[in-house]
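S.K.: Quick one: the structure is below, and I'll ask about it shortly.
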Amino acid sequence: MFTKLKLNSAFIAITAIIVTASITAPFTNMFGKHYKKDKDYSCCKGDQLVINHYYTIKFLWADVSTGYTVEPTGKALPGGCNIKCN
C-alpha cells in the first residue's frame, strides 16, 4: 500500500516538474514581455537621439498588449536630425 502511495507521489511530482519547466521556459513565449528587434526604429526627440524598442506582452501565447519603450542613446548630430519623433 505504501509502495503504491510512493509511486503515485513520485509520478505527480515528476509531472509537476515537467509541466512547470515547459510553461516557464523562455523559448515558449507563453507569458511576459517579449521584444521584437525587427520592429525597432530610431529617431530624434528634441535634441536627443532615441531608440524605440517594440514589445508584446503575452498571456497563454495571446498578445495582451503591445507598444514601444524609449531608450535615449545620446545627443543628435550638430547639423540636426532628419527623422523626428512625434
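S.K.: Match the structure shown to one of the listed values (1) 16, 25, 19, 16, 10, 7, 5, 2, 0; (2) 17, 52, 28, 3, 0; (3) 19, 40, 24, 14, 3, 0 of P(r) over Cα pairs in 10 Å bins from 0, in percent, computed from it, and give that label.
M.R.: Answer by label: (1).
S.K.: Compare the Cα positions of ALA10, GLY74, THR56 along the charge dipole of the chain (+1 at Cβ of Lys, Arg; -1 at Cβ of Asp, Glu; about the Cα centre) and return the one farthest towards the positive end.
M.R.: ALA10
S.K.: Could you compute the net charge surrounding SER65? Neighbours are other residues with a C-beta less than 14 Å from the C-beta of SER65; K and R count +1, D and E count -1. The partial results should precede the final answer.
M.R.: Values: positive: LYS33, LYS36, LYS58; negative: ASP63.
Here the count lands on +2.
S.K.: Check the straight Cα-Cα distances from LYS36 and name the lysines below 28 Å, setting aside those fewer than 8 residues away within the same chain.
M.R.: LYS36 reaches LYS45, LYS58, LYS75, LYS84.
S.K.: How large a share of the accessible area of the chain, in percent, is made up of carbon and sulfur atoms when the probe is 1.4 Å and the other protein chains stay in place?
M.R.: Numbers: 4560 of 6880 Å².
Accessible surface attributable to carbon and sulfur in the chain totals 66 percent.
S.K.: Given a 1.4 angstrom probe, what's the average accessible area per residue across the chain, in square angstrom?
M.R.: So the chain comes to 80 Å² accessible per residue, rounded to a whole number.
S.K.: Right, something else. Given a Förster radius of 25 Å and the C-beta distance between HIS34 and VAL70 as r, what FRET efficiency does 1/(1 + (r/R0)^6) yield to the nearest 0.05? Walk me through the numbers before you get to the answer.
M.R.: Values: r = 18 Å, r/R0 = 0.71.
Here the calculated transfer efficiency is 0.90.
S.K.: Using only Cα atoms, find the angle between the long axis of helix 2-24 and the longest principal axis of the chain, and express it within 0 to 90 degrees, rounded to the nearest 10.
M.R.: On a 0 to 90 degree scale, this one is about 10.
S.K.: By how many nm would the segment from CYS85 to SER42 lengthen if fully extended, with 0.36 nm per residue of separation less the alpha-carbon distance?
M.R.: Details: separation 43, 0.36 × 43 = 15.48 nm, distance 0.85 nm.
That pair, CYS85 and SER42, stretches by 14.6 nm at full extension.
The values are calculated or read from the model by the stated rules, or taken from the named source; none is laboratory data. Because the structure is predicted, anything quoted here is derived from the model rather than measured. Cβ: placed from backbone, ideal geometry, glycine included. Neighbour counts: every protein chain shown. These area figures cover heavy atoms from the full protein model, side chains too; ligands, DNA and RNA do not enter into them. Shrake-Rupley method; radii C 1.70, N 1.55, O 1.52, S 1.80 Å.
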